[in-house]
Structure formats: structure tokens, C-alpha cells
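Peer 1: Here it is, the structure, as C-alpha cells.
The values are calculated or read from the model by the stated rules, or taken from the named source; none is laboratory data. Since this is a predicted model, take the numbers as computed values, not measurements. Virtual Cβ from ideal backbone geometry, glycine too; neighbours counted across all protein chains shown. Surface areas here come from the heavy atoms of the whole protein model, side chains and all, with no ligands, DNA or RNA. Shrake-Rupley method; radii C 1.70, N 1.55, O 1.52, S 1.80 Å.
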Amino acid sequence: LMADAAFAEVELPDPAPDGWRERMEAGARLQWALYRRHPWLAKYLSVTRPRPMPRAMALIEWTVGRVEGMPPVALLHMAVTLLGFVMFTAAGFEDELEAQQETGMDQDQWMTAMEPEFEGILTSGAYPMYAAMSGSPEDSF
């Protein structure tokens, strides 16, 4: 009930974006914002053992609402793939808050402290993909 109540906070844009890609992006961003407000939520949800949550289902239904010409099972697979990606990525929010409390450092401070160690790894020559991206802000996450 708590999780479904959290999904009730989501206000679906009206009018909705016209294109299917824009609509799916908007749905993912709505979901992401929800997890930012409720860091516990992503870890609570399950795509393998879902609980009945009408408000969560409404967001998923809305997200794929502009995709046409696909059978319902394909739409569901698309929706679950997007949901799973955003949910998995957001699952670290709660861990990050705990890590900040334990270390006294936010994410930027932690990355700065780890920089010398990463630099040593990158200059070893063993990881050319990472080394090629090193220092490229346009390639960063």
C-alpha cells in the first residue's frame, strides 16, 4: 500500500508527448524522480514477483501508450525492460545515502578521493576502453 501510495504522487503529463520515444523517456523520468523522492522504493519493487499496484500499473501503461503496432506481450516486455533499467539504476540511492553517512563524503568527494587509484589503473594499459574515455566529460555518465 505504501509503494502504491508513492506512485499516486506521479502526475502524468496532459497532454502527453506525441512520439513513442518521447513518451517512454517521459515515463522513465517520472519514475526516476519518484525514486529520488523515495529512495527505498526501487529496492522494494520486483519485476519477477510483482505486487498488485494499480497506480504503478497506470504509469507503466501510460509510458507505452504511444507505441503502436505491437502485440500486448511485446509492449509489456518493453515496459518491464524500461522499468527494470530505471529501477535497477535507482536501487543504489538508498545505499548512497548510507555510504554518505558512514564516510562523511558525498559522491563527488568520494570520486575525488579515489581519483589517484583510478588513474593508476587507467595508465596501466590493461583497460584501453576506460583509458580512452578518461577525462572526456561528453562520454561520462
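Peer 1: Positive end of the dipole of the chain, charges at C-beta (+1 Lys, Arg; -1 Asp, Glu), about the Cα centre: which of Ala33, Ala8, Gln107 has its Cα farthest in that direction?
Peer 2: Positive-most Cα among the choices belongs to Ala8.
Peer 1: Moving to a separate point now. Quick one: accessible area per residue over the chain, 1.4 Å probe, rounded to a whole number of Å²?
Peer 2: Value for the chain: 73 Å² per residue.
Peer 1: Given a Förster distance of 35 angstrom, what is the FRET efficiency for Ser124 paired with Gln100, based on the Cβ-Cβ distance and rounded to 0.05?
Peer 2: That gives a FRET efficiency of 0.70.
Peer 1: Could you tell me how many degrees, from 0 to 90 and to the nearest 10, lie between the Cα long axis of helix 20-37 and the main elongation axis, the longest principal axis, of the Cα atoms of the chain?
Peer 2: 70
Peer 1: Another question, if that's okay. Using a Gaussian network for the chain with springs between C-alpha atoms less than 10 Å apart, which of these wobbles most: Leu75, Leu45, Leu122?
Peer 2: Judging by the Gaussian network model, the answer is Leu122.
Peer 1: Looking at the chain as a GNM with Cα springs under 10 Å, which of Gly120, Gly27, Gly92 has the largest mean-square fluctuation?
Peer 2: Comparing Gly120, Gly27, Gly92 in the GNM, the peak value goes to Gly120.
Peer 1: Right, here's the next one. Can you give the net charge of the other residues whose Cβ lies under 14 Å from the Cβ of Met24, counting K and R as +1 and D and E as -1?
Peer 2: Result for the neighbourhood of Met24: -1.
Peer 1: In nm, what is the difference between 0.36 nm times the number of residues separating Leu12 and Glu115 and their Cα-Cα distance?
Peer 2: 33.0 nm
Peer 1: Against the globular-protein guess of 2.2 N^0.38 Å, express the Cα radius of gyration of the stretch 23-138 as a ratio, rounded to two decimals.
Peer 2: Normalised by 2.2 N^0.38 Å, the Cα Rg of the stretch 23-138 equals 1.40.
Peer 1: Which FRET efficiency, nearest 0.05, do Asp4 and Val47 yield, Cβ-Cβ r, R0 22 Å?
Peer 2: In this case the efficiency is close to 0.90.
Peer 1: Quick check: residue separation of Trp20 and Asp108 times 0.36 nm, minus the Cα distance between them. What number comes out in nm?
Peer 2: Extra length from Trp20 to Asp108 when fully extended: 28.2 nm.
Peer 1: Counting other C-beta atoms within 10 Å, and keeping those with at most 14, which DSSP coil GluC sites (Glu not before Pro) do you find in the stretch 1-67?
Peer 2: Glu9, Glu11
Peer 1: Can you pull the percent of the stretch 26-98's accessible area that's carbon plus sulfur, 1.4 Å probe, other chains left in place?
Peer 2: Accessible surface attributable to carbon and sulfur in the stretch 26-98 totals 63 percent.
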